[in-house]
Amino acid sequence: MNFSLEQLNTFVAVYEQKSFSKAAALLNKHRSTVGQVIVNLEEILMIPLFERIGRSVKPSNEAELLYRYAKQAVEQLKAFDKLALNLSDGELEAINIAYSSFFPQLAIADVRMQLAKDFPDLKVNLFVRNQQQIKQQLESGQLHFGLVNVHNAKAMHSINTTYLETLSLVPFGSKGGELAKTSSDQMLAKLKSSKQLILQSLIDEGLADKVTLSADFEAIDQLSVIIKLVQLGHGWALLPRSVIYSEYVKQNLVQLKTDELKKGLEIPISLWSLHSSQVIKIRESIIKALEEYIGHILDEYSLT
């Protein structure tokens, strides 16, 4: 069978939008053009793909079976197209890296310093974004790299994915506060009845059920603000275990040990980037910095 990328892309758009008009707007084409592309594809495949119901459409059983393969093909061809276009380009003068707000700030600093060592003239812009924003901005070309929580992420062939490690979130409280004096066998019950401070990004990324232990909680955007409020005794928070190696945190906060949550909440973290020859060496530098950071944290933790 001989069908084109345009036909597959149109099929995917109509399937996902459940509307010719919405698919046309997404593809920046006229509705009649989208309709004709689908008709042509149906003739080539010799099967019906959509049932027209007023202004919307319903995928046929055959379309349900074909969608996943069409989506994969479109993503792979997009990745091929982007890589081919980038092969002739020169070196990048600046890159944009985004990361979730719960990502350890020391790790981000280590990445920046490693890039400064390996690429002295490279400008690096750093942004806090959630998983969905990172995905969208990578695909649009606004970002070059993203450090993301991938606990519920689907495979994306247009994005290069490197699994790094699981980020462990554990309870922290104010050093010298009431929670710090609670025994480990009583700690969980105490946490559930005390004010909890939660990073908004954890809620946005579908982790609310896992990270919310107390009915009395407040959502906050910035990790640094949560750390300060915990220090002031305003509440407790689930924070990356590695923050304890920050001198500020070490002096003002304490990890709250519980018999039930010895390992904490584990969140898998990956580095996302586009398939581009321009970023291969830069990606290697970022991975090196993060692997060294993770190794250092594991060594420190094994000594505690």
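The values are calculated or read from the model by the stated rules, or taken from the named source; none is laboratory data. No experiment lies behind these values; they were computed from the predicted model shown. Because the Cβ atoms are built from the backbone with ideal geometry, glycine has one as well, and the counts that use them run over all protein chains shown. Side chains are part of the model used for accessible areas, which takes the heavy atoms of the whole protein and leaves out ligands, DNA and RNA. Shrake-Rupley method; radii C 1.70, N 1.55, O 1.52, S 1.80 Å.
Among the residues of region 221-230, is there at least one that is closer than 20 Å to Tyr99 by Cβ, of a type in the set (S, T, N, Q) and either at pLDDT 90 or above or not in a helix (DSSP H, G or I) (or both)? For region 221-230, residues closer than 20 Å to Tyr99 by Cβ, of a type in the set (S, T, N, Q) and either at pLDDT 90 or above or not in a helix (DSSP H, G or I) (or both): present. State which residue pairs qualify: first residue closer than 19 Å to Gln17 by Cβ and inside region 63-76, second residue of a type in the set (Val, Ile, Thr) and open to solvent by less than 30 Å² (accessible area, probe 1.4 Å) in any location, beta carbons under 8 Å apart, and separation of 6 or more residues or different chains. So the pair list comes out as Tyr67/Val12; Ala70/Val12; Lys71/Val12; Val74/Val12. Of all the listed residues (Arg68, Arg31, Arg52), the sole one being charged (D, E, K, R), open to solvent by 80 Å² or more (accessible area, probe 1.4 Å) and touching a helix residue (DSSP H, G or I) at 6+ places or on another chain (Cβ under 6 Å) is Arg31. When the residues of region 1-28 are narrowed to those that are at pLDDT 90 or above and not in a helix (DSSP H, G or I), which ends up most open to solvent (accessible area, probe 1.4 Å)? In this case the residue turns out to be Asn28. Out of curiosity, is Ser224 in contact (Cβ under 8 Å) with a residue 24 or more places away in the chain, among the polar types (S, T, N, Q), under 30 Å from Leu290 (Cβ atoms) and open to solvent by 30 Å² or more (accessible area, probe 1.4 Å)? Yes. Considering region 143-174, and only residues there that are in a loop (DSSP other than H, G, I, E, B) and either in contact with a Phe, Trp or Tyr (Cβ under 6 Å, 6 or more places away or on another chain) or modelled with pLDDT of 90 or more (or both), the residue that is nearest to Leu290 (Cα to Cα) turns out to be His144. Within region 264-304, the set of residues being among the polar types (S, T, N, Q), open to solvent by less than 40 Å² (accessible area, probe 1.4 Å) and either at pLDDT below 80 or out of contact with any strand residue (DSSP E or B) (no Cβ under 8 Å at 6 or more places or on another chain) (or both) comprises Ser276, Ser285.
Would you point out the residue of region 74-131, among those that are among the small types (Gly, Ala, Ser) and open to solvent by less than 30 Å² (accessible area, probe 1.4 Å), that is modelled with the lowest pLDDT? Ranking the qualifying residues of region 74-131, first place goes to Ala79. Restricting attention to region 230-242, the residues that are crowded, with 18+ Cβ neighbours inside 10 Å and over 10 Å from Phe172 (Cα atoms) total 1.
Candidates in region 132-154 are the residues that are exposed (fewer than 14 other Cβ atoms within 10 Å of the Cβ) and under 13 Å from the mean Cα position of the chain (by Cα); of these, the one that is farthest from Leu207 (Cα to Cα) is Gln136. Within region 243-263, no residue satisfies the criterion of being small (Gly, Ala, Ser) and at pLDDT 80 or above. Scanning region 253-262 for residues that are open to solvent by 30 Å² or more (accessible area, probe 1.4 Å), more than 17 Å from Asp209 (Cα to Cα) and out of contact with any Ser or Thr (no Cβ under 7 Å at 6 or more places or on another chain) yields a total of 3.
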